[in-house]
Amino acid sequence: MQILVINCGSSSLKADVREHATGEYVAKMVIDRVGSEAATLRFEDEEPTPLPGEVGHKEALEISLTRLLQRLSDPEAITAIGHRVVHGGARFTRPVLIDDQVEAAIEELSALAPLHNPANLAGIRAARALLPSLPHVAVFDTAFHATLPRRARVYALPHELAEDPGLRRFGFHGISHAYVARQAANYLDADMRDLRLITCHLGNGASVCAVEFGRSIETSMGLTPLEGLVMGTRSGDIDPGLLFHLMREYDYSAEELDHLLNHKSGLAGLSGIGNDLRDIEARAAEGDEHCRLAIQVFAHRVRKYIGAYAAIMGGVDAIVFTAGIGENSALMRHRIAQRLDFLGARHDEDRNRELRLPSGPAVERISTPHSRTHLLVARTDESRAIAEATSLIVLKSDAVARAQRPIPVAVSARHIHLTQEAVETLFGPGYQLTPRNDLSQPGQFAAEETLRVVGPKNEFPAVRILGPTRSLNQLEISRTDEFALGIDAPVRASGDVANSPGILLVGPAGELKLEQGVICAWRHIHMTPDDAAHFGVHDRDVVEVAITGGDRDLTFGDVLVRVKDSYRLEMHIDTDEGNAANLGRGATGTLISTEGRAQLQRRATRYDTVDAAAE
Ligand code: ADP
């Protein structure tokens, strides 16, 4: 199984194919300057080649994805495509399978992310046209922040505006924050649900996130990615009053302000030499005041957020640095992490300076061994996170599709299985059961013959015998029948009669006192090995089956799976269970989960005693 991940941005497109099991790349490709005459296509470790003429987004995508697929030794191995989508609005709080409605919703959300969503959508459309038969999954940058509490997500505007679902803080970089938070928890050998983390995604775009017990509860970006930290070319937080001042006193238009704050500010604006921190650090070291100030303002802002988020969570277990600057700039990490002792975070400057993250997923510590709060550096890998989310969705939807095949449900009234010896005791020597009608399981029949069943309290005058004869005598009754007869029979799989109560059977030619053999049948599904493969279950698994669409919908847990070549797909329950779900003839159920497997481990011991030949 391989996953193609497409990250189609406004001016660049990244696509890679990964092996699902290992996360290793199979192929990797970047197109720069999409939509311009200078667009180039580059495969990993190769020189860029120009794309022909002035190609638009759509053509660039078609050409490059086709070339990518041509390079694969086995393009058929791709099982799904994951797409990064920047804005999922309030609607998308987790990754989703893309259909026409999802596509339309992403388009509607373009108003909130005019630079990103249209480009993301172009990637989705090109890829869906090229690979129409494969599942496409949208993974949203905003989704991880769907858990922001209201107090963190509203702007303090008049309530009509504050409560407008489109005018709130959404947060971004969620794929990265969630990924490094998981990586950090793994590194600390802890469960995310026990940790308070502050993740600092410091790249060209930058944001901080407070991840409290696995959930994003505060993040520095807002309605748009402009809020918060100082970034490559974005100002981050600014007094909104400054905007009016610039409009009134300096004649800026809304468009000009947008351009100023998104593209001309941040590290690039302050330093005056561009947005690359490597260059800024080099010039600062030579004494350039603008560059020094850019570094100071950047670090100060990150520290301010760390302090704020520690206050919000009432403490912090680890602070995690990631993305281009977070992973590579020891100087910036040093400036940010110094004097965080009051939070219990003591950074180890030697470790910080010497740190080189190994390739692949990596987390390293830059705090001292006794630091109560860990300072970690984690490599982010959004493409890997998208590939993981995509395969999860696809595997889950496969499981749902598989599970949705209906399973016929048959309600068994009380009945008896007999040995040939018992038949002869009750009906006379040499007696053979007379088939009355066939049962659904091949070879099984209901016999003409019935027996009187006598319990300590009551008796049933005519209990049906099922054929053919078996190697064990067994009476299967419901809990209600048990109360009527005055016995207490265990819930057992068929054939498992050890230590079950006995009963008196009375036939026309004689009586038979069973020492044991009365059970309340463990509800079960018969299926063939093909059915089992279809549902993804095994013999003796314990599963759940939902009965829906009736007027007493019910989900049965503890349903035992029985697999044999000779079986026909059917679930068997007793009359109490059938009545509880108000089931009539032709009822069906749906296998909804195999999570009972853990229980199976325990139950298997009970089942192990079964003489399989007994059935
Ligand atoms: P994006 O947000 O575009 O994905 P990245 O996460 O790749 O950005 O971060 C890019 C930034 O990381 C560059 O602009 C550069 O400033 C910074 N960076 C990368 N390597 C180093 C380094 N060795 N030292 C300082 N800064 C670095």
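Under a straight-distance cross-link criterion of Cα-Cα below 18 Å, which lysines are reachable from K457, leaving out those fewer than 8 residues away in the same chain?
K513
From zero outward in steps of 5 Å, how is the percent of C-alpha pairs of segment 341-405 spread across the bins?
Binned Cα distances yield the sequence 4, 15, 14, 13, 11, 9, 9, 8, 6, 5, 3, 1, 0.
Can you give me the P(r) profile for segment 241-291? Cα pairs, bins 5 angstrom wide beginning at 0, each as a whole percent.
For segment 241-291, the pair-distance distribution reads 5, 21, 21, 16, 13, 12, 10, 3.
Can you give the translational diffusion coefficient of segment 285-384 in µm²/s, computed by Stokes-Einstein from the Kirkwood radius over Cα pairs at 20 °C and 1.002 mPa s?
Values: Rh = 14.2 Å.
Value of D from the Cα-based Kirkwood radius: 151 µm²/s.
If I fit a long axis through the Cα atoms of helix 240-250 and take the longest principal axis of the Cα atoms of the chain, what angle between them do I get, 0 to 90°, rounded to 10?
Long axis of 240-250 versus the principal axis of the chain: about 40 degrees.
Provide the descending list of Cα extents for the chain along its principal axes, expressed in whole angstroms.
111, 58, 51
Based on the Kirkwood radius over alpha-carbon pairs, what value in µm²/s does the Stokes-Einstein equation return for the translational diffusion coefficient of segment 54-146 at 37 °C and 0.692 mPa s? Can you show the working numbers first?
Values: Rh = 13.8 Å.
Value of D from the Cα-based Kirkwood radius: 237 µm²/s.
Please work out the Cα center distance from segment 149-210 to segment 75-143, rounded to the nearest Å.
Measuring centre to centre over Cα atoms gives 21 Å.
What is the extension gain from K513 to E37, computed as 0.36 nm multiplied by their sequence separation minus the C-alpha to C-alpha distance, in nm to one decimal? Walk me through the intermediate numbers first.
On the way: separation 476, 0.36 × 476 = 171.36 nm, distance 9.37 nm.
Extra length available between K513 and E37 comes to 162.0 nm.
Given points 7 Å out from each Cα along the Cα-Cβ axis, report the L157 to D45 separation in nanometres with one decimal.
With each label placed 7 Å out from Cα toward Cβ, I get 5.1 nm.
Given the convex hull of the Cα atoms of segment 501-553, what is a quarter of its surface area in nm²?
Dividing the Cα hull surface by four gives the mean projection, 7.3 nm².
Place the peptides 15-22, 1-8 in order of packing, highest mean first, counting for every residue the other Cβ atoms within 10 Å and averaging per peptide. Let's see the in-between values first.
Working: 15-22: 18.1, 1-8: 23.5.
Top of the packing list down: 1-8, 15-22.
Based on the inverse mean of 1/r over its pairs of different Cα atoms, what is the Kirkwood hydrodynamic radius of segment 415-549, in Å? Intermediate values should be presented prior to the final figure.
Numbers: mean 1/r = 0.0619 Å⁻¹.
That comes to 16.2 Å for segment 415-549.
Beta carbons within 10 angstrom, averaged per residue: use that to sort the peptides 415-425, 165-175, highest first.
On the way: 415-425: 20.1, 165-175: 22.2.
The densest-packed peptide leads the list: 165-175, 415-425.
Working out 0.36 nm times the residue gap between D99 and L246, then minus their Cα-Cα distance, what length gain in nm do you get to one decimal?
Working: separation 147, 0.36 × 147 = 52.92 nm, distance 4.42 nm.
My answer for the length gained is 48.5 nm.
Taking K14 as the anchor, which lysines have their alpha carbon closer than 30 Å to its alpha carbon, excluding any fewer than eight residues away along the same chain?
Result set, ordered by chain and number: K28, K58, K264, K396.
Output the 0 to 90 degree angle, nearest 10, between the alpha-carbon long axis of helix 597-608 and the longest principal axis computed from the alpha carbons of the chain.
20
What FRET efficiency comes out for R346 versus E19 if R0 is 45 angstrom and r is the Cβ-Cβ distance? Round to the nearest 0.05. Mind showing how you got there, number by number?
Working: r = 40 Å, r/R0 = 0.89.
Here the calculated transfer efficiency is 0.65.
Segment 280-377: which trypsin sites (Lys or Arg not before Pro) are DSSP loop and have at most 15 other beta-carbon atoms within 10 angstrom?
R339, R356, R372
Treat each spin label as a single point 7 Å out from the Cα along the C-beta direction, and report the S359 to R452 distance in nm.
Once both label points are built, they end up 8.5 nm from each other.
How compact and how long is segment 1-130, expressed as Rg and Dmax of its alpha-carbon atoms in Å?
14.6, 41
Under the 0.36 nm per residue contour assumption, what length would be gained going from the current alpha-carbon distance of A282 and N582 to full extension? Write down the numbers at each step before the final one.
On the way: separation 300, 0.36 × 300 = 108.00 nm, distance 7.69 nm.
Full extension from A282 to N582 adds 100.3 nm.
Where a number appears in this text, it was derived from the coordinates with a stated rule and is not lab data. Keep in mind that what you see is a predicted model, and the values were worked out from it rather than measured. Glycine gets a Cβ as well: all are built from the backbone with ideal geometry, and neighbour counts include every protein chain shown.
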